[in-house]
Structure formats: structure tokens, C-alpha cells
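Participant: Below you'll find the structure I mean.
What follows is calculated from the coordinates using simple rules that are stated; it is not laboratory data. Model, not experiment: these values are computed from the prediction. Glycine also receives a Cβ, built like all others from the backbone with ideal geometry; neighbour counts cover every protein chain displayed.
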Amino acid sequence: MKKSNLVKKVLNLCLMVVLAFGVVKGADKKYISIATSSAGGAFSIIGTAMSDIINKNVPEISANIEITGGSSENILLGANKNVELTMSASDVLYLALEGKGSFEGKKIEKDALKGIMGGHMTILQIYTLKDGPIKSYKDLKGKKIAIGPAGSVAGDATKTIMDAYGYQINKDWTPEYLSHGDAAEALTDGNIDAVCIMSTLPASPVATAAATKPIRLLSLDKEQYDLIIKNCPYYIPATIPANVYTGQDEAVDYTFGSVSFLLAHKDVSEDEVYKISKALYENNAALVAAYPQCDEWNLKNATRGLSGLVEMHPGALKYLKEVGAVK
């Protein structure tokens, strides 16, 4: 009996040590959030893959995603330190730093956010029904245009375009704040007139709409295109080839895009960002498996879209210098 009691005491002591160690180890884990987009959006897909990579390769960090309205909301969440990591795009960041567009009265502190990695390019696509009355941007006056959830990157892009044509929001055209999937359905059902999306090619919601009814992608008139490219240096000239979507037999010669990227709040530690950067770059195949355009989230594009807007985070720079991607 004495021997049995001694064994029980030893086992209980071991169990207490294991439990205590587990508590301490759990207490040391850092929990971080990544601001992404609406469910099913590119950022939510990529962000989910990023969180999985971080959780598998950086044991001291536990990452999860935040479903949001998109780039504009993400910038505010990141700048206000409501999330540690932020997915956004070059055009939105520029407007936020300048206090323009949807950021009027909400200008963010220039040093609040730091760059981690540059990513893929997204292209502006405005589409309508091919057999409808809209043949060009000039025909959008007086129409209802879906621009994604409130705070999405498509909203600022659409307003920029309509301003270039002299059309005032809520006077000459009406924004509809629908998710991209709901917008595609609303268009084919005849409840809205056009849809704007900033996405890679092909965009799944656009492909879905095109499979239901023939669609037309709109091309900017040269005058308005030149004006936008001149006044908006954060936009990158782009084209859309014909036949990207079913029944889309005309190319879009004049449109533009922006660069997606990952940011961190300045207070996220150098060590944490270094480990996150290392994990994401060295496991890029997992990102590509989740979203094929993530092949652009590579060392060659490490500072794409970020240079001239924000400084790179010291932790990201440490890794990039270590692998010779930057000097």
C-alpha cells in the first residue's frame, strides 16, 4: 500500500508539472488577427491560407482571420491597432495616407503601418448585361452600380471613374453595397445595372454571371483613362484580353489596377514579423494552392506597391536582407 501511495504521489506530481508547463507555454503564445475581406473574397481565401501557414510554422503565434468589408476597413482596423496584420491595396493605402476619397476626415498616421510583403495585382472590372442599354461608361449616368461591401476597394475605384466623367455619387449614380456574389446575381436578375469589382483575372463572381447571361466588360474612354492615370499615381495601367469570360468577345483596352499587400502595425515586434515573413515566403506553395495568383507573393515582388507609401517593417527587412532580396 505504501509503495502504491508513493507511486500515486509521484504520478500526481508529474501531472502537476506537465499541467503547469502547459499553462506557462500557452500563456506565452501570441494571438494575432489578419484583417481580410468578405467571406469568399480573395483576401479571405489568402488570409486563411496565411493563418494556416503561420500556425503550422511559428508555434509561438496563433493567427486567425477577421472577416471585414475589405481594404478600406482593413486599413482603419490596422491603423487603430484593432488587428495586428492587414491585407489591403496600394490605391486604398494612398487615399488613407492622404485623407482622400472615403478617408476624408479619417486620414491615418503615416507611420502606423509597416510593409511585410507585396502581392498580386488586382484589375478593375465593370460589367453589365451584354443585351442591355449600357455600352460604355457614359451610359452609367442615372444607373445603380454594385461596388462591393461598404469599405471595399471597388468603391473608391468606381467613384474615381465616375468623378472623371463628371457624375456625382448619389446624384448621377447610385452605389449598391452588395457582396460580389450577391451583385452578380442581382445583375442577372435585373435588380441593378452594373457591377464593379477589383480582382484578379478571371474573377469567380464575374465568371458566374457570364455563365448565366452574356455580359459586357466596359473600357474607359481614352480621355478619362489618361486623366485617372495622371491624377492617381497609385493606379497601374492594365488591359483585359478578350475571352477571359464566356461570351466576352471584346478586349478591354483601357482599365487600371492596384497591388495587394500585407501590412503590420508598427508595434508588432521585429521577431514576430521576421518569423511570419520567413514562414510565408518559404511556404509560398501553400498560398498558391489556395489561390493561384499567390505565385506573385514572392521575393521579387517583396516591396511592390509598398515603395513610396510606407516603410518596410524591420522584421520583414531582416528576412529580406538575410535572403538577399534587398540590400
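Participant: Under 9 Å from the Cβ of V273, count the other residues' Cβ atoms, weight Lys and Arg +1, Asp and Glu -1, and hand me the total. Mind dumping the intermediate values first?
Facilitator: Values: positive: K114, K275, K318; negative: E270, D271, E272.
Cβ neighbours under 9 Å give a net charge of 0.
Participant: Please compute the modelled spin-label separation between T239 and E109, points set 7 Å along Cα→Cβ, answer in nm with one decimal.
Facilitator: 4.5
Participant: Report D for the range 228-317 in µm² per second (integer): Stokes-Einstein, Kirkwood Rh on Cα pairs, 37 °C, 0.692 mPa s.
Facilitator: Rounded, D is 209 µm²/s.
Participant: In whole angstrom, note down how far apart the Cα centers of the range 68-125 and the range 232-255 are.
Facilitator: Using only Cα atoms, the two centres lie 25 Å from each other.
Participant: Mind sorting H313, H120, H265 by how few other Cβ atoms lie within 10 Å of their own Cβ, fewest first?
Facilitator: Values: H313 27, H120 24, H265 21.
The order, fewest Cβ neighbours first, is H265, H120, H313.
Participant: Separation between the E322 and Y177 pseudo-spin-labels, each 7 Å from Cα along Cα→Cβ, expressed in nm?
Facilitator: 4.2
Participant: Cut-off is 10 Å between beta-carbons; in what order do M162, M198 appear when sorted fewest neighbours first?
Facilitator: Exposure proxy ranking, most exposed first: M162, M198.
Participant: Okay, next question. Please name which of G132, T200, I240 has its Cα lying farthest along the dipole of the range 117-271 towards the positive end, using unit charges on Cβ (Lys, Arg +1; Asp, Glu -1) and the Cα centre as origin.
Facilitator: Of the options given, the answer is G132.
Participant: Find out how many positive minus negative residues lie around P205, taking Lys and Arg as positive, Asp and Glu as negative, among other residues whose Cβ is under 11 Å from that of P205.
Facilitator: Around P205, the charge tally is -2.
Participant: Next question, about the same structure. Residues in the range 287-327, backbone N under 20 Å from the label point at K30 (7 Å along the Cα-to-beta-carbon vector): list them, ranges by number please.
Facilitator: Residues passing the 20 Å test: 311-323.
Participant: Looking at the range 122-258, what % of the alpha carbon pairs are farther apart than 25 Å?
Facilitator: For the range 122-258, the fraction of Cα-Cα distances above 25 Å is 15 percent.
Participant: Here's something else I'd like to know. What is the Cα convex hull volume of the chain when expressed per residue in Å³?
Facilitator: In the chain, the Cα hull volume divided by residue count equals 165 Å³.
Participant: Out of I145, I126, I229, any idea which swings most in a Gaussian network model of the chain, alpha carbons joined below 10 Å?
Facilitator: Looking only at I145, I126, I229, the largest GNM fluctuation is found for I229.
Participant: Let me ask another. Can you list the residues of the range 172-214 with backbone N under 17 Å from a point 7 Å past the Cα of A290, pointing along Cα to Cβ?
Facilitator: Those under the cut-off are 200.
Participant: Right, another one. Tell me the GluC sites (Glu not before Pro) within the range 94-144 that lie in a loop according to DSSP and have at most 16 other beta-carbon atoms within 10 Å. Could the numbers behind the result be given before it?
Facilitator: Details: sites: E98, E104, E109; in loops: E104, E109.
When the GluC sites (Glu not before Pro) of the range 94-144 are filtered for loop state and at most 16 Cβ neighbours within 10 Å, E104, E109 remain.
Participant: Quick check: Cα centre of the range 272-317 to Cα centre of the range 194-224, how many Å?
Facilitator: Between the Cα centres of the range 272-317 and the range 194-224 lies a distance of 28 Å.
Participant: If you take the C-alpha gyration tensor of the range 20-127, multiply each eigenvalue by 5 and take the square root, what semi-axes do you get, largest first, in whole Å?
Facilitator: 29, 17, 11
Participant: Then there's this: By the scheme Lys and Arg +1, Asp and Glu -1, what is the net charge of all other residues having a beta-carbon under 12 Å from that of S90?
Facilitator: Combined, the nearby Lys, Arg, Asp and Glu give -1.
Participant: Let me ask you something else. Can you tell me, using C-alpha contacts under 8 Å and at least 6 residues apart, the relative contact order of the range 174-327 as a whole percent?
Facilitator: 17
Participant: Along Cα→Cβ, 7 Å out, is where each label goes; now give me the distance between the ones at E98 and K135 in nm to one decimal.
Facilitator: Taking the simple label geometry, E98 and K135 are separated by 3.4 nm.
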